[in-house]
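Chemist: Take this structure first; my questions come after.
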Amino acid sequence: MTPCVLLVSTATRWLGTARMPRNLAKAGFDVALLAPKGSLALHSRFVSKVGLLSETASAMEMLHALIGMVDKVAPRLLIPCDEMAVRLLFAFMLEPPRGLDAYTKTRLTGLIETSLGDSRHYWTSIDKTLLPAAAKASGVRMPECAVVGEPDGALAFADAHGYPVVLKRRYGFAGQGVAIVSSGNELGAAMRELQKPDQLDLGGHESPRLLVQSFIAGPHISQALVAVGGESLAGFAWERFVSTRPVAGQTAVLRFVESPATRSAAEKLCRALGMTGFLNMQFVIDEKTGAEHLLEVNRRIVTHTHLGERFGADLGEALFDRLTGRLRAPVPRFAGRQEPVAIFPREWLNDPASRHLRDYPVDAPWDDPGLFAALLRMRDEGAEAGVSDER
């Protein structure tokens, strides 16, 4: 029987959600999708079963829709596609809503833990104020940092380590919930802005704590992995070659790289936290020392997760093979620094006349015409280049 995976999405325009069904279907999975009406992913011909959410669905409405889809398609795994989906799945696992019958509760929480790994470390892996301690215990380097609740604490850190410093909310993604400040005058205002309530708080009263970090200049490397029970099955890395914005932008053109240091660090943390599923860890390489520093962990697919097949590291196939015991002929990895790849439609929205669209391969869904047409319509709909899920 073909194993089914259920993509769980709360966003409509995230590119990773739309591009991953092809990779999973090609690997051998039956791909189901739970997503809001208007989601780009609904246009993919590689999605076989669909459950719809309203764009304003509450957490409880999403829970009931998720239970309905689980009953309908009996997925082997759930795959979160955005930060809100990750947070909701974690919450359903750790704090199941009252009123769920025992059978449904047991079935759902069992499926979530099978899909995402050791639940004891869920919040640690995505809460930016908790991650540094876990990374240090795992032997993974992060920038110098402190957890602060008041401006005085952040000012003291900046005085000790120098400006600029980076302020981060506990939860955030793609540069959201992050501020880079260059002076004490900017710091207080940035803290007040980041301490305002946010939708990722899930309506709770989150602690006003923020992470303050030293700023490290250097190239950004993203390390993608797929894992089961903390064991990495496959992975690949890419460097941001062109960004949609100079600071806190998103990757519009990337270049695959061999990066043993980030691969090793990512695998250490994955193992320590018992992670399962698709992961993306973002690093900065210190331009002065060459040392890698972990910036954040994404417990989900991102824009470029499907691109591993271009690098000889197909993450969908690696997961399918582990779950089914299938053996395939090994695919050679492409060594060294590779020719850049332009990300469609991001680089096209960024600059329709970009030379990168002419000079380099363009990662467009050429064999998924419905999705391709939907991506083309994004320009008419006024979408910006940074409409996505990964920096």
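Chemist: Those residues that are under 18 Å from GLY16 (Cβ atoms) and of a type outside the set (S, T, N, Q), I need them from the stretch 267-291; list them, please.
Modeler: Once the filter is applied, which keeps residues that are under 18 Å from GLY16 (Cβ atoms) and of a type outside the set (S, T, N, Q), the stretch 267-291 yields MET275, GLY277, PHE278, LEU279, MET281.
This table checks each residue for (1) part of a loop (DSSP other than H, G, I, E, B); (2) modelled with pLDDT of 95 or more; (3) under 27 Å from HIS356 (Cα atoms).
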{"site": "GLN223", "(1), (2), (3)": "no, yes, yes"}
{"site": "SER232", "(1), (2), (3)": "no, yes, no"}
{"site": "VAL242", "(1), (2), (3)": "no, no, yes"}
{"site": "ALA248", "(1), (2), (3)": "yes, no, yes"}
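Chemist: Looking at GLY316, is it within 22 Å of THR114 (Cβ to Cβ) and either among the hydroxyl-bearing types (Ser, Thr, Tyr) or buried (at least 20 other Cβ atoms within 10 Å of the Cβ) (or both)?
Modeler: Working: within 22 Å of THR114 (Cβ to Cβ): yes; either among the hydroxyl-bearing types (Ser, Thr, Tyr) or buried (at least 20 other Cβ atoms within 10 Å of the Cβ) (or both): yes.
When the stated conditions are applied, GLY316 passes them.
Chemist: Restricting attention to the stretch 328-337, and to residues there that are closer than 22 Å to ALA318 by Cα and not hydrophobic (A, V, I, L, M, F, W, C), which single residue is modelled with the lowest pLDDT? Walk me through it before giving the result.
Modeler: Just the residues of the stretch 328-337 that are closer than 22 Å to ALA318 by Cα, to begin with: 328-336.
Still in the list and also not hydrophobic (A, V, I, L, M, F, W, C): 328, 330, 332-333, 336.
Numbers: ARG328: 73, PRO330: 70, PRO332: 66, ARG333: 63, GLY336: 54.
The selected residue is GLY336.
Chemist: Only one of PRO345, PRO246 is more than 19 Å from the chain's Cα centre (by Cα) and not assigned by TED's automatic domain parsing to the domain that holds GLY16. Can you tell me which?
Modeler: On the way: PRO345 fails: more than 19 Å from the chain's Cα centre (by Cα).
None of the others qualify; the one that does is PRO246.
Chemist: Condition (residue is more than 17 Å from LEU375 (Cβ to Cβ), at pLDDT 95 or above and not assigned by TED's automatic domain parsing to the domain that holds ALA224) applied to the stretch 14-24: is it met by at least one residue?
Modeler: First pass over the stretch 14-24, keeping only residues more than 17 Å from LEU375 (Cβ to Cβ): 24.
Then keep just the ones that are at pLDDT 95 or above; that gives 24.
Next cut, not assigned by TED's automatic domain parsing to the domain that holds ALA224 only: 24.
Yes, some residue in the stretch 14-24 is more than 17 Å from LEU375 (Cβ to Cβ), at pLDDT 95 or above and not assigned by TED's automatic domain parsing to the domain that holds ALA224.
Chemist: Separate question: Test THR114 against the stated conditions and say whether it is without any contact (Cβ under 8 Å) to a residue 24 or more places away in the chain, surrounded by 15 or more Cβ atoms within 10 Å (Cβ to Cβ) and not acidic (Asp, Glu).
Modeler: Working: without any contact (Cβ under 8 Å) to a residue 24 or more places away in the chain: no; surrounded by 15 or more Cβ atoms within 10 Å (Cβ to Cβ): yes; not acidic (Asp, Glu): yes.
Spelling it out, it is not the case that THR114 is without any contact (Cβ under 8 Å) to a residue 24 or more places away in the chain, surrounded by 15 or more Cβ atoms within 10 Å (Cβ to Cβ) and not acidic (Asp, Glu).
Let's see how each residue does on (1) touching a Ser or Thr at 6+ places or on another chain (Cβ under 9 Å); (2) of a type outside the set (S, T, N, Q); (3) farther than 26 Å from PHE29 by Cα:
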residue: SER243; (1), (2), (3): yes, no, yes
residue: GLU258; (1), (2), (3): no, yes, yes
residue: THR276; (1), (2), (3): yes, no, no
residue: ASN280; (1), (2), (3): yes, no, no
residue: ASP286; (1), (2), (3): no, yes, yes
residue: ALA291; (1), (2), (3): no, yes, yes
residue: GLY308; (1), (2), (3): no, yes, no
residue: LEU323; (1), (2), (3): no, yes, no
residue: PRO340; (1), (2), (3): no, yes, yes
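Chemist: Take GLY153 and decide whether it is of a type in the set (Gly, Ala, Ser), assigned to a helix (DSSP H, G or I) and within 26 Å of LEU194 (Cα to Cα).
Modeler: Values: of a type in the set (Gly, Ala, Ser): yes; assigned to a helix (DSSP H, G or I): yes; within 26 Å of LEU194 (Cα to Cα): yes.
Considered against the rule, which asks whether it is of a type in the set (Gly, Ala, Ser), assigned to a helix (DSSP H, G or I) and within 26 Å of LEU194 (Cα to Cα), GLY153 comes out as yes.
The values are calculated or read from the model by the stated rules, or taken from the named source; none is laboratory data. Bear in mind the structure is a predicted one, so any value in this text is a computation, not a measurement. Don't worry about glycine lacking a Cβ; one is built from the backbone with ideal geometry, like all the others, and counts go over all protein chains shown.
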